[in-house]
Amino acid sequence: MTTTIRPVYLAALLLGLASAAGAADDKLAASLRGVMADNIRAYDAKDAAGVLGTVDTRSPDYDTMRAAIPEQFRDQDVKATLVDFKYIGHDDEFAVARAKIKVEGPPGSVFVNNTSDRIVLFHQEGGVWKLWSDDVLGVDFEQRIGTKQPVSSR
Amino acid sequence: MTKGLMLGFCVATLSACVSQTQWRPTVDTYGSSRAQYVTRDETECRNLAMQASGSTAEQAARGAVGGGLIGAAGGAALGALAGGGAGRGAAIGAAVGGIGAGTVRGVQSNQDFQRVFAQCMRNRGHAVLG
C-alpha cells in the first residue's frame, strides 16, 4: 500500500513544486513587463528621472542613457508603445525577455516610425528588477512615402 | 545565420562597430590656438566622415544599436537617425532593408568613418591622439 501511495505523494509534491515555480515565473514575468511598461510610460511623459529609475545604475548603458535622454526629450516629440513582451527565463542574477517597442514621431517630422525587436536583460538593484541592457534583433521601419507597409531590417 | 543575428554579432563582438553619432577622436587641446573650434569642427568632420564612409540610414541605425540606449530611448534613436541619414522616404526602405546584411561592410564603414573623421580634424589643425 505504502509503495503505491508514496509515488502518488511524490508526484503530487513535484506537481505542486512545478505549479509553484510556474506561479513564481508568472509573477516575475508580470514584474518585468511592469518595468518595461514603466520605462515606456516615463519616456512618453518625458520624465527623465522616471526613465532612469527603470535602469540599473550599474548597467554599462546607464551613463549613456543619462546623457542621451535629456537630449532626446529636447529634440524629439515621439510616442513609444510596448507592442509585445515575452518573458524567457532567469537565473540567480539576470532575467531575460523579448520585447517589441514601437516608436512614432509626429506627422510631418523626419522621424522614421519604427518597431524594434529586442532581447532585454533585467537585473535586480536593491531588490527591484530594473533594465540592464538590450540587444536589437531587428527593426521594422515604416516608410513615410508611398506604402505604409513596414520594411523589415532583418 | 540570420541578418538579425549578424547584426547582434557585430554589436556584441566587434569593437569596430562604433556609434557614428557618438564616437569622436581624442584631441589634445593643450596649447592649441584652435581649441575653441573643436566642437564646431567635430560636428562638420562627423558629417563629412559619415558621407565619406557611405553612411546611410542603415549604418546610422547600426550606430544607434551600438549606442547603448535601452528600451524606448533606443527606438527613438533609431527613428531619428534613420530620418537624419542619407535616406528619405522610399530611400529609407531601400537603405534599411539591408541592415545586418553585411557585417564586414559595416565594420569597414566604421573604420572609414573613424579614419576620415580623424584626418579631417588634423587637417583643421587639431592634435588628434587617436
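So how many residues does segment A:38-55 have that are within 11 Å of chain B (Cβ to nearest Cβ) and closer than 16 Å to A:His123 by Cα?
Number of matching residues: 6.
Of the residues that make up segment A:42-49, is at least one over 27 Å from B:Ala82 (Cβ atoms), surrounded by fewer than 21 Cβ atoms within 10 Å (Cβ to Cβ) and of a type in the set (A, V, I, L, M)?
Looking for residues that are over 27 Å from B:Ala82 (Cβ atoms), surrounded by fewer than 21 Cβ atoms within 10 Å (Cβ to Cβ) and of a type in the set (A, V, I, L, M), one finds at least one in segment A:42-49, hence yes.
Quick one: which of A:Ser109, A:Ser133, A:Ser116 is in a loop (DSSP other than H, G, I, E, B), polar (S, T, N, Q) and either more than 7 Å from chain B (Cβ to nearest Cβ) or more than 13 Å from A:Arg33 (Cα to Cα) (or both)?
Details: A:Ser133 fails: in a loop (DSSP other than H, G, I, E, B); A:Ser116 fails: in a loop (DSSP other than H, G, I, E, B).
Going through A:Ser109, A:Ser133, A:Ser116 in turn, just one is in a loop (DSSP other than H, G, I, E, B), polar (S, T, N, Q) and either more than 7 Å from chain B (Cβ to nearest Cβ) or more than 13 Å from A:Arg33 (Cα to Cα) (or both): A:Ser109.
Values quoted throughout were computed directly from the atomic coordinates according to the rules given, and no laboratory measurement underlies them. Note that the structure is a prediction, hence the values are computed from the model and not measured. Positions of Cβ are generated from backbone atoms using ideal geometry, with glycine treated the same way; all protein chains shown enter the neighbour counts.
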